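Scroll down for the structure; my scribbles are underneath it.
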């Protein structure tokens, strides 16, 4: 019989020697010892991408400025490259990138601090801020169970129909209020249907994928439908106005894209995509259950327990409809951002949501980040950096004969799709917008068409978890793996790209793009 | 004021030192849970390993801090709270609860235990670290830890710092890369295996029934580590076999002596032993070829420092990567 003990003879816990540190502590060197203990290699390893970004920036600022690019243009281009590295790899808290962009514009570019501060708050930024506050307010209303019940009442209990219903309802809502709002509201609906079917994850692996992707992709394809569907749309509208609109020149008034105009261009594409989402998902993941009678019955019971809709619910719906009404009819007069903020204020005044809920639900750092990214985009244009990059990109494309027309559209779409899959779609448009719009000018293409291609392609972030807010939110439920996104995503990218090309070629000229 | 502060730091450090000493008398296992089956196999093995010891099993789930941009500026916790209000459990809580229920079913805490809940703010995330500790009257403890960190491996390594731990259990990860590439392409298991100072076990299967293979190069460090690994096998009721590996014939005689001595020592200590043999050739290939038919392979690092392990890698890493059975890397 062995006398060995696991504690004494088995694998030992690693403990740093206390003898030295205790003695040094007594001698007053303990703090120094502690300081050195913090200087470990792992810190630098964790911050490696920040160090790489700094090194890249230092290198670029110390090489000769290329022909055709001003020194200011080189600085702003360097800052953009560094910001892109930091957006994608996230080695430091993202709002820090915004702070560094602001500091960089003043110190490196020599701009007035007041000028930089002014450039941070545009109508696009107000819209992003307002729509995030509205998102929290809407989620707070607990209308999700009633929406879920509405879906299953329309679709019946067949899995395919329910998934289509989820995509349609998620999509229509997301086209107006932003995909993050709808994804957060619909996620419990999806999870409830899955868990009521089976608590064994293996038995509902494909069903979970189909239901959750119906929410996520339904929201993603809808985000292009209206300007309020996503930050990227508001950013692009801001860029068109900033880059091309001249109040003294009536010719440039077409660059003021209002809510209805955007919908006329983009909404049909969203509606065509909806059935394609369900088709792609059902052909990629074969659900284990073709009928969800049991979970639907349980869901019905849950909704019945809620009782009839309260006055508060009706007020919330009324306010929501008024905000959409305001966007459609008054955004060209007072701006989308003002209406979004007014809507948020109305929810607060009506007592539908508390400020504390909004304060804790909105990531204000992201608002600052969008402000800084847009400000950087405007500087890209003002310093000529965007034009220089655009000219060079067009030159490279001309070597393979795709510098204009469909070839150029496809190249821009491909570039945007790649970038948007590595970072948030709003950030992708903020970074790429100034370049692609300048490419339109250089290639003698319509900036509105190229702007739409950039903005819509930024919604093709189906391949990764971080691509769209809806994907990030449904992934948090723990049912999907990154491989699932690749499995369904590449099909969605192909379908959406082909559809957008067809719309750009045949539909947009018809409506006057 | 300054003096008081210094005194309080010293007092706190003293308290921590005492806590570490107390914990050194217990067998402490950190099981990293990610919801996959392999992580629950780790729970079962940990429970079996600790069933006759004064021990702690810490079940850890690490949640990445949401930077906000990916969710479009809406805090993901708004969505999570909505899930909770629907009566649905969040993934981390669900996974930890499943592990805890498995341990309760195995009577790890006996019939009587107490619950202690605590919360620590970390990394500026309001979610912070949440800990539920269950103390059994039999002296054993289960800790459920829901942790937030910038990335999964940082969270596990940070938890290790709060240890100490005798062993870390993890599920396998198929996408191992070169050590240089792993700097840029994150791989949690590889990072933990290279950076954690505790013994790490990558769990594939049940680790039961086919014995453990101790792979050694004959060095005193390796022999010492294999003895400790053999204890793990012994506690799990598994026989141990020994495989000495040498790159060439030059030091074969010494290796044979070391393997022979290890075999005799283990027999003398009352451990069940199987084959004891020596092969010449690529150690990784030889160990994997022989070891895949065992319940687990026991290896140890040649490179002793974290820095060396990180940059140079080791035979142990290659075996952890390529093996199709569980691998215990003893430190």
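The values are calculated or read from the model by the stated rules, or taken from the named source; none is laboratory data. Bear in mind the structure is a predicted one, so any value in this text is a computation, not a measurement. FYI the Cβ positions are ideal-geometry reconstructions off the backbone, even for glycines, and counts take in every protein chain you see.
The set of residues from segment A:328-349 being in a helix (DSSP H, G or I), within 21 Å of residue A:367 (Cβ to Cβ) and modelled with pLDDT under 90 comprises A:331, A:334, A:336, A:337.
Residue B:225 falls short on exactly one of the conditions (1) surrounded by 22 or more Cβ atoms within 10 Å (Cβ to Cβ); (2) within 14 Å of chain A (Cβ to nearest Cβ); (3) in contact with a helix residue (DSSP H, G or I) (Cβ under 7 Å, 6 or more places away or on another chain), and that condition is (3).
Applying the set (1) within 7 Å of another protein chain (Cβ to nearest Cβ); (2) surrounded by fewer than 23 Cβ atoms within 10 Å (Cβ to Cβ); (3) over 30 Å from residue A:143 (Cβ atoms); (4) at pLDDT 75 or above to residue B:83 leaves exactly one unmet item: (3). The number of residues in segment A:414-430 that are surrounded by fewer than 24 Cβ atoms within 10 Å (Cβ to Cβ) and either in contact with a strand residue (DSSP E or B) (Cβ under 6 Å, 6 or more places away or on another chain) or in a helix (DSSP H, G or I) (or both) comes to 5. Considering the conditions (1) out of contact with any helix residue (DSSP H, G or I) (no Cβ under 6 Å at 6 or more places or on another chain); (2) assigned to a helix (DSSP H, G or I), residue A:308 is excluded by exactly one of them, (2). Filtering segment B:263-299 to residues that are assigned to a helix (DSSP H, G or I) and under 18 Å from residue B:235 (Cβ atoms) leaves B:265, B:266, B:267, B:268.
For (1) more than 14 Å from the chain's Cα centre (by Cα); (2) within 30 Å of residue A:195 (Cα to Cα), each residue gets a yes or a no:
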{"residue": "A:386", "(1), (2)": "yes, no"}
{"residue": "A:399", "(1), (2)": "yes, no"}
{"residue": "A:406", "(1), (2)": "yes, no"}
{"residue": "A:429", "(1), (2)": "no, no"}
{"residue": "A:452", "(1), (2)": "yes, no"}
{"residue": "A:490", "(1), (2)": "yes, yes"}
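Can you tell me how many residues within segment A:350-360 are part of a helix (DSSP H, G or I) and modelled with pLDDT of 85 or more? Residues in segment A:350-360 being part of a helix (DSSP H, G or I) and modelled with pLDDT of 85 or more: 5 in total. Answer yes if at least one residue in segment B:15-26 is modelled with pLDDT of 70 or more, touching a strand residue (DSSP E or B) at 6+ places or on another chain (Cβ under 6 Å) and crowded, with 17+ Cβ neighbours inside 10 Å, and no otherwise. Scanning segment B:15-26, I find at least one residue that is modelled with pLDDT of 70 or more, touching a strand residue (DSSP E or B) at 6+ places or on another chain (Cβ under 6 Å) and crowded, with 17+ Cβ neighbours inside 10 Å, so the answer is yes. Residues of segment A:442-465 that are outside any helix (DSSP H, G or I) and either crowded, with 24+ Cβ neighbours inside 10 Å or free of Cβ contacts under 8 Å to residues at least 12 places away in the same chain (or both): A:458, A:459, A:460, A:461, A:462. Scanning segment A:363-372 for residues that are more than 7 Å from chain B (Cβ to nearest Cβ) and surrounded by 24 or more Cβ atoms within 10 Å (Cβ to Cβ) yields A:370, A:371, A:372.
With respect to the conditions (1) outside the structural domain of residue A:438 (by TED's automatic domain parsing); (2) crowded, with 19+ Cβ neighbours inside 10 Å, residue A:350 lacks only one, and its number is (2).
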